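For reference, the structure discussed in these notes is given below.
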Amino acid sequence: DNAKLGYVVPGTPTSFYIGVVVTPLQKPVQHRQTLVIPSNDGTTASSVKYYDGVSTVGTLGGSPPLGRYACVYRDRTVLANSVAQPQRVQFSDAGNPAAWTSTSWIDTTYPVTALAAIRNSILVFSKERCERIRGTTPPPGTDMSLEPVFNYGCIDARSVVNYGENVIFAASQGVLITDGAS
């Protein structure tokens, strides 16, 4: 909550300061050995941060999109919702959260408010709806498809939690659980 990243050594009262990050709108995501911390404003590429467990906090390399929300799906970092493209979901190259292809994206119907990856799809939340992206290969040359799922949305990305094969999230109607189909 104070835009600083640190860690605690288990079993000791020792903690270590790592570096300054942004205060994200959701929890950071782990892609292989890299912790990806999405932008909180959706306007500045340098605000998408990473920590690899070795060096200090840095700006995610390559040309990352300005996404405020993130998940990891099929060994790709997924970022969504910039100020300029709030409905856009963008995919990193496989295995590398710092490599991005400018044409590897899918536009959803509504502005994205949260993402959740489950085994066979990405749940893409907006305020009042949820869609899913299914498939294995993002654009270009995609087999992915965008489909509506249900008329419940997510009001705060910090409420989205993977729980086994399900996702629990807060909607304006209450706290809900889904397996991505019902």
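Annotations for the structure displayed:
- One equal scatterer on each Cα of the chain, no solvent, Debye formula: the resulting log10 I(q)/I(0) at q = 0.11, 0.18 Å⁻¹ is -0.45, -1.16.
- Amide H contacts under 5 Å for ASP93: ALA99, TRP100, THR101, restricted to partners 5 or more places along the chain or on a different chain, H placed in the peptide plane at 1.01 Å from N.
- Just the protein heavy atoms count here, and of the accessible area of the chain at 1.4 Å, carbon and sulfur take up 53 percent.
- Normalised contact order of the stretch 96-159, rounded percent, pairs of Cα under 8 Å and 6 or more residues apart: 29 percent
- Net charge over other residues, Cβ less than 14 angstrom from the Cβ of SER182 (K, R count +1; D, E count -1): -2
- 1.4 Å probe accessible area per residue over the stretch 1-85, in Å²: 51 Å²
- Nearest-10 value in Å² for the accessible area of TRP105, using the 1.4 Å probe: 90 Å²
- Computed packing ranks the peptides 13-21, 74-82 as 74-82, 13-21, most packed first, by mean other Cβ atoms within 10 Å.
- Sequence-distant lysines (8 or more away, or on other chains) whose Cα lies within less than 21 Å of LYS127: LYS27
- Gyration tensor (alpha-carbon) shape descriptor, the stretch 45-101, a/c threshold 1.5: oblate
- Across the stretch 62-70, computed HN-Hα scalar couplings (Karplus, 6.51 cos²θ - 1.76 cosθ + 1.60, θ = phi - 60°) run x, 10, x, x, 8, x, 8, 10, 9 Hz from first to last residue, x flagging Gly and Pro.
- Evaluated at q = 0.14, 0.20, 0.23 Å⁻¹: base-10 log I(q)/I(0), Debye formula over Cα of the stretch 11-84: -0.42, -0.80, -1.02
- Charge tally for ARG32 (other residues, Cβ to Cβ under 10 Å; Lys, Arg +1; Asp, Glu -1): -2.
- Dipole check for the chain: with +1 at the C-beta of Lys and Arg, -1 at the C-beta of Asp and Glu, and the Cα centre as origin, the magnitude is about 160 Debye.
- A simple count of charges around ALA70, restricted to other residues whose Cβ falls under 12 Å of its Cβ and scoring Lys, Arg +1 and Asp, Glu -1, yields +4.
- Here the Karplus curve 6.51 cos²θ - 1.76 cosθ + 1.60, taken at θ = phi - 60°, turns the phi angles of the stretch 113-120 into couplings of 10, 5, 10, 8, 8, 10, 3, 10 Hz, with x standing for Gly and Pro.
The values are calculated or read from the model by the stated rules, or taken from the named source; none is laboratory data. Bear in mind that the values here come from a model prediction, so they are computed numbers and not experimental data. Counting neighbours? That spans all protein chains shown, and the Cβs are built from the backbone with ideal geometry, glycine included. These accessible areas exclude ligands, DNA and RNA; they are computed on the full protein's heavy atoms, side chains included. Shrake-Rupley method; radii C 1.70, N 1.55, O 1.52, S 1.80 Å.
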